[in-house]
Protein chains: 2
Amino acid sequence: MHRLLILSRHARDYHRLVDAARLPDLEVTSAADPAEVAPRAAQFDLAFGEPSLLKQILPAMPALRWTQATWAGVEPLLDPALRRDYILTNARGVFGGLMSEYVFAYLLAHERRIFEKRASQAERRWDAAPPGTLRGKTIGLLGVGTIGGTLARTAKHFGMTVKGYTRASEDSRDVDRYFHGALDGELDAFASDLDYLVSIMPATKDTRQLVDARFLRALPSRAVFVNPGRGGVVDEAALAAALEEGRLAGAVLDVFQQEPLPADHVFWRTPNLVITSHTAALSFPEDIAPLFIDNYRRLLAGEPLKYRVNFELGY
Amino acid sequence: MHRLLILSRHARDYHRLVDAARLPDLEVTSAADPAEVAPRAAQFDLAFGEPSLLKQILPAMPALRWTQATWAGVEPLLDPALRRDYILTNARGVFGGLMSEYVFAYLLAHERRIFEKRASQAERRWDAAPPGTLRGKTIGLLGVGTIGGTLARTAKHFGMTVKGYTRASEDSRDVDRYFHGALDGELDAFASDLDYLVSIMPATKDTRQLVDARFLRALPSRAVFVNPGRGGVVDEAALAAALEEGRLAGAVLDVFQQEPLPADHVFWRTPNLVITSHTAALSFPEDIAPLFIDNYRRLLAGEPLKYRVNFELGY
């Protein structure tokens with residue numbers, strides 16, 4: 001008999017969805033608050049939930065063998081002070097569509113000038129200013145995993161040229177040119193002709209402040225930066241300065257080094273900056289529960305689990 | 001020797017593009033104003049330009065054999081009082097991509113609540129309200145020609161269900177269910193589960209006020225109507241009433257019965273209505289000139305011209 005702890009803000013939804021799958025040999029306990037289950041934590045060999053909550057109870061779970069995260073980002077569990085003697089799997093393959101809708105909502109909003117047209121309408125002004133088009137524009141993707149691959153496919157659908165920066169993989173056929181390793185020598189080759197730069201990088205020691213002052217200077221002033229990935233990938237002060245000085249046409253940010261964004265943060269008064277409050281790709285229990293259910297069946301069958309996280313790489 | 005009259009606001013661009021093609025046996029005259037060339041109108045056997053301008057000079061062109069319109073919509077030339085003893089071809093196959101960018105810019109803006117998020121940001125408020133998604137939603141297309149087919153393909157890319165209303169054709173494989181003929185008996189079957197209704201219908205006697213009070217009542221109140229087609233397809237007063245009474249979630253209108261939209265038009269004060277001032281798919285000379293050039297070569301070769309308009313059907 002396996003003993004599963006579901007620890008999530010959506011504990012009730014996940015409990016219902018896991019129950020509905022009628023998984024064998026499984027006893028399920030669920031809670032939205034770690035304190036509620038802390039006295040019984042030692043009994044659970046499996047966990048499923050939000051990394052930020054699981055982190056709080058991890059030291060009290062000596063029997064833990066496997067944890068399924070409900071998020072793609074698992075940074076809370078990567079703290080070197082924490083145990084790593086269990087299998088950690090994260091949520092993948094479910095965010096690509098939502099991320100694509102998010103990114104292209106704002107790319108198209110930029111091309112179609114929808115905020116400007118709305119302002120004209122508020123003044124009851126017929127505004128026949130011609131819009132732009134994505135066709136023929138160039139997008140640079142920082143990170144081309146399953147999400148980046150989906151973004152590349154949508155970019156191709158709209159007739160764009162796609163550049164991709166990855167650690168090593170070249171899995172997406174929708175990327176026209178790949179870049180790897182330190183971008184130092186190739187920064188101009190990657191960045192100097194981009195209309196859009198999109199980061200879907202995980203937060204790791206290698207990606208920390210990758211988009212820094214030097215990177216931003218390599219972009220053309222017409223470029224728009226979109227970040228639905230992780231806030232730590234960006235030097236926020238350098239980005240604010242680039243926008244303030246008009247060296248960048250715009251930025252659309254879903255994630256930040258501190259969330260919620262502090263009330264006194266410079267971004268609240270930075271021009272041409274859009275703040276979307278970490279809603280680009282939410283984890284809906286209906287999408288995420290099947291990942292746990294599939295992996296649990298694999299566990300019972302003695303098969304390798306899907307989407308295992310490498311603690312060293314951080315993704 | 002053929003004698004071509006280019007009559008367009010972009011006369012200079014078209015003249016340059018046609019010259020660059022070095023077409024044989026062709027003498028080109030161009031003007032932006034019909035009055036300028038009226039005295040010489042009798043000499044031209046070919047015309048290329050905006051229907052609204054060509055209409056003014058048509059009676060003075062007895063030698064006219066073929067007219068290539070720079071627009072998709074040719075209503076000015078369909079006036080029954082005007083001659084129809086020449087071949088009329090319109091612009092097709094070039095607007096699909098732009099129309100798709102227009103329609104999906106606003107569909108995604110609606111799902112992602114980008115205007116609401118912008119308002120929150122203006123108040124320096126972290127707004128984590130969850131967005132919607134196009135995945136699983138249903139779109140109804142009024143008209144599935146080359147433009148509708150492109151919209152259907154983009155809808156499928158985003159995981160939508162597609163219903164298509166056409167006169168007879170079922171050319172797009174991206175349409176899940178087709179409707180034909182008078183919608184009277186099938187209006188509920190077509191409209192009652194739509195999240196989005198998009199009209200790319202030409203303006204003809206059969207499409208006049210097709211989207212009337214009854215049609216609007218058949219839509220669910222969550223639906224958004226998008227019209228980048230022709231204004232005459234819509235009963236504007238009925239649409240304003242539906243929005244005013246909250247029977248429709250929104251409308252995005254690019255075209256109107258009178259353009260520019262008069263200053264006292266009810267639409268300027270109708271809630272949940274977006275006005276985009278006839279910019280959804282502009283005719284760029286770089287896209288349109290190749291249509292004339294290709295058709296001219298067909299004319300010389302004695303082949304049928306592409307995109308010939310049927311004066312009776314109106315498209």
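Placing a label point 7 Å from Cα along the Cα-to-Cβ direction at A:ASP176 gives distances to the equivalent points in the other copies of 3.4 nm, listed shortest first.
Working note: Karplus 6.51/-1.76/1.60 with θ = phi - 60° gives segment A:275-290 the couplings 10, 10, 6, 6, 10, 4, 9, 6, 8, 8, x, 4, 7, 8, 3, x Hz, where Gly and Pro are set to x.
Give me D for segment A:77-221 in µm² s⁻¹, whole number, from Stokes-Einstein with Rh from the Kirkwood sum over alpha-carbon pairs, 20 °C and 1.002 mPa s. Write down the numbers at each step before the final one.
Details: Rh = 17.2 Å.
D = 125 µm²/s.
Which residues make up the longest stretch of chain B that has no GluC sites (Glu not before Pro) in a DSSP loop with at most 16 other Cβ atoms within 10 Å? In chain B, the maximal stretch lacking such sites is B:1-122.
Each other copy places its own label point for B:ARG9 at 4.8 nm from this one, sorted shortest first, where the point lies 7 Å along the Cα-to-beta carbon line. Peptide B:272-278 shows a mean partner chain C-beta count of 5 within 10 Å per residue C-beta. Measuring only protein heavy atoms, the 1.4 Å probe finds A:LEU197 accessible over about 0 Å².
The alpha carbon centroids of segment A:71-147 and segment B:66-122 are separated by 26 Å.
Shown is the FRET efficiency for B:GLU27 and A:GLN209, computed with R0 = 51 Å from the Cβ-Cβ distance and rounded to the nearest 0.05: 0.20. Legend: mean number of C-beta atoms from other chains within 10 angstrom of residue C-beta atoms, peptide B:125-131, equals 6.
Tell me, what is the FRET efficiency for B:ALA119 and B:ARG65 to the nearest 0.05, using R0 = 51 angstrom and their Cβ-Cβ distance as r?
Values: r = 56 Å, r/R0 = 1.11.
Efficiency, rounded to the nearest 0.05: 0.35.
Starting from segment A:1-64, pick out the trypsin sites (Lys or Arg not before Pro) whose DSSP state is loop and whose Cβ has at most 12 other Cβ atoms within 10 Å. Provide the component values of the computation, followed by the final result.
On the way: sites: A:ARG3, A:ARG9, A:ARG12, A:ARG16, A:ARG22, A:ARG40, A:LYS55; in loops: A:ARG9, A:ARG22.
Sparse-neighbourhood loop trypsin sites (Lys or Arg not before Pro): A:ARG22.
Helix A:146-157 axis versus longest C-alpha principal axis of chain A: approximately 30°, rounded to the nearest ten. Overall, the protein assembly as shown carries a charge dipole of about 420 debye about its Cα centre when +1 sits on the Cβ of Lys and Arg and -1 on the Cβ of Asp and Glu, all other atoms neutral. A straight chain from A:SER169 to A:SER192 at 0.36 nm per residue would run longer than the Cα-Cα distance by 6.0 nm.
P(r) for segment B:1-146, from all Cα pairs and a bin width of 10 Å, is 10, 29, 21, 14, 14, 9, 2 %, short bins first. Give the distance, in whole Å, between the Cα centre of segment A:238-315 and the Cα centre of segment B:191-247. Going from one Cα centre to the other spans 38 Å. Within a straight-line Cα-Cα reach of under 20 Å, A:LYS117 can be paired with the following lysines, leaving aside sequence neighbours fewer than 8 residues apart in one chain: B:LYS117. Taking the alpha-carbon centroid of each part, what is the distance from segment A:1-55 to segment B:9-62 in angstrom? Rounded to whole Å, the Cα centres lie 75 Å apart. Take each residue of peptide A:181-187, count the partner chain Cβ atoms within 10 Å of its Cβ, and average: the result is 0. Site pair B:ASN272 and A:ARG16 shows an inter-label distance of 2.6 nm when each label is modelled 7 Å from Cα along Cα→Cβ. Sorted from nearest, the other copies put their A:ASP294 label points 4.2 nm away, the label point being 7 Å from Cα in the direction of Cβ.
The values are calculated or read from the model by the stated rules, or taken from the named source; none is laboratory data. Nothing here was measured: the structure is a model prediction, and the numbers come from that model. Note that we place each Cβ from the backbone using ideal geometry, even for glycine, and neighbour counts take in every protein chain shown. Accessible surface is based on the protein model in full, side chains and every heavy atom, while ligands, DNA and RNA are left aside. Shrake-Rupley method; radii C 1.70, N 1.55, O 1.52, S 1.80 Å.
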